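> So that we are looking at the same thing, I have put the structure below in structure tokens.
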Amino acid sequence: MKRTPAAVLRATLGIKDFEMAELLGCSRATIHSLESGRLRMSDAMARRMFHETEISPEWLLAGVADAPPRSGYGEPYTKAIFERAQAEKAFRGRPSRDWLMVEALECIARLVAIFASASERGEYFMASYKARKAIDELRGEFGQDTALYSPTTFAEASITQGLAVLEKVRERCAKFGEEIAAMGEGTTTFRGFQVKITNRPKKAGKRKRD
């Protein structure tokens, strides 16, 4: 019986304790303490494990060893995912701009859905307050690209800058979608979901601007 997610992870990878220590840049004693539960899994260590193995940080931090391990993208975790992580880790910390736009759209869609639900319950302003607070905390930790977004007044933050950023996101994602469509008919896998791809007609008629 494995007592912690850290122990389950190493068993899944099938590597020795010293190999895990080398992978994470820590001592064997730290590995033993994490696996036995004597040392609490920190946010920093969970991020390090994700970077090296692509294991879900949320799964690690939950501390439930009986829960099936998942990748950071929601897939059932296997050693093959670890091998993929080793091949891709050099790019994980600096994804492409297209990938950033896909992530941005997902976050925007989730926020809109949450705000809509909160509005139905008469709790919109509390949801908005908590979302802004969380965003401010992220900005404090990771900074902010001022070339994309640098509001100077509340009105500008709410309307002008917000619309400008959304327009940039829309343009980027439209380009990204055209590149995918150009790949031809078939299927691809994105975060564990099978996605059907079809070509667009070569001579499409004029469409109204979104």
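> I'm told Glu83 meets every condition in (1) in contact (Cβ under 8 Å) with a residue 60 or more places away in the chain; (2) closer than 30 Å to Leu13 by Cα; (3) of a type outside the set (Phe, Trp, Tyr) except one. Can you identify the failing condition by its number?
(1) is the only condition that Glu83 fails.
> Which ones in segment 1-14 are farther than 15 Å from Ala67 by Cβ and assigned to a loop (DSSP other than H, G, I, E, B)?
If the condition is that a residue be farther than 15 Å from Ala67 by Cβ and assigned to a loop (DSSP other than H, G, I, E, B), then Gly14 is the only one that fits.
> In segment 77-89, how many are under 16 Å from the mean Cα position of the chain (by Cα) and exposed (fewer than 12 other Cβ atoms within 10 Å of the Cβ)?
So the count comes out to 1.
> Within segment 84-135, take every residue that is of a type in the set (Asp, Glu) and assigned to a helix (DSSP H, G or I) and give me the one that is nearest to Glu171 (Cα to Cα).
Asp98
> Considering segment 15-57 alone, what residues qualify as being assigned to a loop (DSSP other than H, G, I, E, B) and under 23 Å from Lys89 (Cα atoms)?
Ile15, Lys16, Gly25, Cys26, Ser27, Met41, Ser42, Glu54, Ser56 - these are the residues of segment 15-57 that are assigned to a loop (DSSP other than H, G, I, E, B) and under 23 Å from Lys89 (Cα atoms).
> Does any residue in segment 93-106 that is under 16 Å from Phe50 (Cβ atoms) and among the aromatic types (Phe, Trp, Tyr) come within less than 9 Å, Cβ to Cβ, of a residue that is loosely packed, with under 15 Cβ neighbours inside 10 Å and modelled with pLDDT of 75 or more six or more places away or on a different chain, and which pairs are these?
none
> Looking only at segment 103-135, filter to residues that are farther than 25 Å from Tyr73 by Cβ and of a type in the set (Lys, Arg); which one of those is surrounded by the most Cβ atoms within 10 Å (Cβ to Cβ)?
Ranking the qualifying residues of segment 103-135, first place goes to Lys130.
> Within the bounds of segment 62-71, is there any residue that is assigned to a loop (DSSP other than H, G, I, E, B), assigned by TED's automatic domain parsing to the domain that holds Cys26, within 17 Å of the chain's Cα centre (by Cα) and under 22 Å from Thr30 (Cα atoms)?
Yes, because at least one residue in segment 62-71 is assigned to a loop (DSSP other than H, G, I, E, B), assigned by TED's automatic domain parsing to the domain that holds Cys26, within 17 Å of the chain's Cα centre (by Cα) and under 22 Å from Thr30 (Cα atoms).
> A further question follows. Can we say Leu100 is crowded, with 16+ Cβ neighbours inside 10 Å and among the aliphatic types (A, V, I, L, M)?
In short, no.
> Can you list residue pairs whose Cβ atoms sit under 8 Å apart, with the first residue in segment 24-36 being of a type in the set (D, E, K, R) and the second being buried (at least 18 other Cβ atoms within 10 Å of the Cβ)? Count only pairs 6 or more apart in sequence or on different chains.
Listed pairs, sorted by first residue: Glu35/Thr4; Glu35/Ala6; Glu35/Ala7; Glu35/Arg10.
The values are calculated or read from the model by the stated rules, or taken from the named source; none is laboratory data. Note that this is a predicted model, so its numbers are computed, not measured. Neighbour counts run over all protein chains shown; Cβ positions are idealised from the backbone, glycine included.
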